[in-house]
Amino acid sequence: MTESSLSTATSASTPTSPSSGPAAVSVAPGPNATTAPETSAGPMSGSEPMPNPSALPTRSDCASPSDGGLPGPSEGAEPSVHPSPVVTSPLALDAGTGDAVPTPSDSDAAGQATGEPGSTSVPGTASPYAQLVLQDVPVAFWEMRELGDAEPDLSGNGHVGNYRGGGRTSVSLPNGDDGLSFNGEDAYLQVDSSPVFSIPTTGNLTWEAWLRPDVLQFPNSNGDYIDWMGKCEEYSGSCEWEARLYNADNDQDRCSRISAYAFNPSAGLGSAADWQPECGLIQAGSWYHVVAEYTLQDAPADCDNTDSYPGSIEIWVNGVRWDHGSHGQTGCMSQYEVVPKAGDSSVTIGTMARDTWFQGAIGKVAIYDDLLSEDRITAHYRAMTGLEPSGSCDDQCSF
């Protein structure tokens, strides 16, 4: 089938209203007891034609013979969380556990946070969670809390973001820190391109964010999914990577799938890692910690043709890692012969190419030019929620 222009695509399903009260800061509830998980969430077979390249930016979806391997843009149940307030005096967190520990007084190196694997000076007003992230030396870190025009980069590297559109409001993350809700129509953050945001610069790239969808059927999707972050603002010519979230109901049988993509500069089909939840697992109004990692330095042994197309993609949600072994060539750069190249696209958050729009809240977006270990990903999740990751993945994932 040929998809219509993404800038005008609207889901036919009625959006789910955001939860109120405690659900707004809940973390990953279990599946709805009245919604039976589907037996298969794999893609349809075959491919679809590309849309008219003269139209506004559009894309087409097809599937690999295995699972995932989703194409990218075309050319043309946990206990309740105990919130903690934002700190206004220096604190640090134990690098292994994520627990808060005392630091020297203001007269003794105020705001200095140390720990493995790295250390950095951080503002004395930074929250414990922010200090933990900074210990891992991100190349950029946006807390996503400003209602003005600009969002500072807490990494100290000067990658200040500029807000576009309107419809942003303050919300609370599970630990009580501020995040931002986006209206799902035109609100987003734009950050100028930098080599540090590109996979081939060091051969490794990690991004992480806290995500709270306020609906499960996004009004401004392409009919199947929205892109909530990416470095592929204009599609062909400078496309690099993307963060995607599917509608709960979609024509691809991929209920609420959370994916990380990599592309060739010309866009087209992208290689992906797909965190496919059991249907009903993802809930509107709940927070999810999403981490994606790209590497050109290693790949699973079953990836084909890695001499020509080296590398792989991994994804975690709430500290639970997807299972590449259940998805064939999905997660291999070679799946769609992707060789990432550094381009000049901005990084955009809340959308990717201003043709689909995320309706919900985003907080604590960080990008690293290295790979976070599983222990570090767990520490970040623990520091925000006070919980340990719990769940597993094969062809589908659960908490």
Handout entry: In range of the label at Gln297: residues from the range 197-232 whose backbone nitrogen is under 13 Å from the point 7 Å along Cα→Cβ
Key = 200-206
Handout entry: Computed lengthening from Asp307 to Asp192, 0.36 nm per intervening residue step minus Cα-Cα distance
Key = 38.2 nm
Exercise for the section: Can you pull the one-decimal nm distance between simple spin-label points at Ala150 and Asp375, each 7 Å off the Cα toward Cβ? Expected result: 3.8 nm
Exercise for the section: Grab the Cα-Cα distance for Ser172 and Ser326, subtract it from 0.36 nm times how many residues apart they are, and report the gain in nm with one decimal. Expected result: 51.9 nm
Completion exercise
The local net charge around Gly363, scoring Lys/Arg +1 and Asp/Glu -1 for residues other than Gly363 whose Cβ lies under 14 Å from its Cβ, equals -3
Handout entry: Mean Cβ neighbour count within 10 Å, used as a protection proxy, ranking 233-243, 198-208, 300-310 highest first
Key = 233-243, 198-208, 300-310
Practice task
Would you mind counting up the charge near Gly158? Only other residues with Cβ under 13 Å from its Cβ, with Lys and Arg at +1 and Asp and Glu at -1.
Solution key: -3
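Every number in this text was worked out from the coordinates using simple rules, so none of it is lab data. A quick note: this is a predicted structure, and the numbers were derived from the prediction, not measured. Here Cβ is always computed from backbone atoms with ideal geometry, including for glycine, and neighbour counts include all displayed protein chains.
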